[in-house]
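The structure appears below as structure tokens.
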Amino acid sequence: MKVLIITYYWPPAGGPGVQRVLKFAKYLPQFGWEPVILTVENGNYPAIDEELLEEIPENIKVYKTKTLEPFALYNRMRGASAQENLDTFTITKTDKSLKEKVGALIRKYLFIPDARLGWRKYAVSKGLELVEKEKIDLIFSSSPPHSLQLAAKDIAAKTGIPWVADFRDPWSDAFWLDDDQKKGWSYKRNKSQEASVLDAVNHFVTVSGGVLESFKEKYKAIAYFSSVIYNGFDDDDFQEKPIDDNKRFTIRYIGTLAESQNPEILFKVLEKLKSAAIDVEFWGKFDASVMQSVKSCNLEGVVSFHPYVSHKKAIELMQSSDLLLLVIPFGESKGILTGKLFEYMATKREILGLGPDGDEAGDLIEENSLGAYFSGEEGLYDYLEGRIKDWAIVKQSDKRKVDTDKFSRKYLTQQLAGVFNNLTK
């Protein structure tokens, strides 16, 4: 059986969205499904990771098409070069320059549902060709960008083959959309496109119970044809033994931090603990507000910022940490369950989670004894003080015994293959 996987993000693109699709493609053949990849040539990616090219499974067929990228116009309007990559926190930050504000208006009212919509016609054309050429049995489309779901809908409608839509993020009610995008013409247009996809899809897959619930609130029928399949981790990525040579208690965060993820509660506690033997390292890309908070708390000697690294290097950093930091956006963050959490799990290192009360990530951390989760400063000082004292006595303890098999990429891919099998009986 063959599945056409439609994805905008594919190596050398970096980031968690790439990992999800790449790992599905790796393990699907073990469950009777041969993946055929349809992606874009020279896409505009927030991050590049050339090392991921080595992880593409042998003999997998990858087809790439050209695209029309309106990001070039958006970049010019915000005063950047046409080819500059755009980080999520550039879109969501509140202190935009005049050029950025003008560019944001264009993005808000012309690029619906997103600025990748120029790929739709090319994806449909190539997709229809591949269904015939490769004898495709099923379509699997993973977003964002959600505009590719419109392309998948067109292909499914014209071929009549089953279609599974995978949503890694919400659509019309995403937390990063501003108030104007959640009302008026822009919202109606976005929601109409969203509804057209959900009315046509055969099965809906998403990454968390929170995201599923947010869709079910608007489209109750989804309850009858939906599944939650977590991001998970790949055991093969964690085979090498980490080098534990930290001279001070080391907390690390790996990834991107938007303005809504500024861990100010941590910085305020660290200001009180700064005399302790502690290092806090942020690896990736960060909103300026995060760095400003560090300065405000006089933590320049404790907190350091480092550039984005390859996925392989990121795992090395995770495995050699004394404590791993996870930050869920404060405010509207229902369903945010990043791939980072699951890779943190695989290291067997303790996780310090920060975010709003009642968050799904916090529940997972506590239910699986992965660490601790805080929504405010209360209790955080005592927790960190205790962890530092423990580390000073035993330095690096053995990896914690945590049962995480149900979050492995192979197990989760088996779940996805089960969905495919049910639709093609």
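Read the figures in this text as sums done on the coordinates, not as results from a lab. Not measured: the values here are computed from a predicted model. When we count neighbours, we look across all protein chains shown, and the Cβ atoms used for this are built from the backbone with ideal geometry, even at glycine.
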**Request:** Grab the other residues whose beta carbon is less than 15 angstrom from that of LYS66, score K and R as +1, D and E as -1, and report the net.
**Result:** +2
**Message:** Between the range 253-275 and the range 193-248, how far is it from one alpha carbon centroid to the other, in angstrom?
**Reply:** 26 Å
**Prompt:** GluC sites (Glu not before Pro) within the range 209-256: which are DSSP loop residues with at most 14 other Cβ atoms inside 10 Å?
**Reply:** GLU240
**Asked** What is the Cα centroid distance between the range 142-156 and the range 1-33, reported in whole angstrom?
**Response** 15 Å
**Item:** Those aspartates and glutamates that a straight Cα-Cα span of less than 16 Å connects to LYS241, excepting residues fewer than 8 apart in one chain
**Value:** GLU316, ASP322, GLU343, ASP398
**Request:** Under 13 Å Cα to Cα from LYS158, which aspartates and glutamates show up? Leave out anything in the same chain fewer than 8 places away.
**Result:** GLU129, GLU132
**Prompt:** What pairs from LYS268/LYS389; LYS66/LYS218; LYS188/LYS268 go past 31 Å between their alpha carbons?
**Reply:** LYS66/LYS218; LYS188/LYS268
**Item:** the range 313-386: trypsin sites (Lys or Arg not before Pro) falling in loop per DSSP and having at most 16 other Cβ within 10 Å
**Value:** LYS348
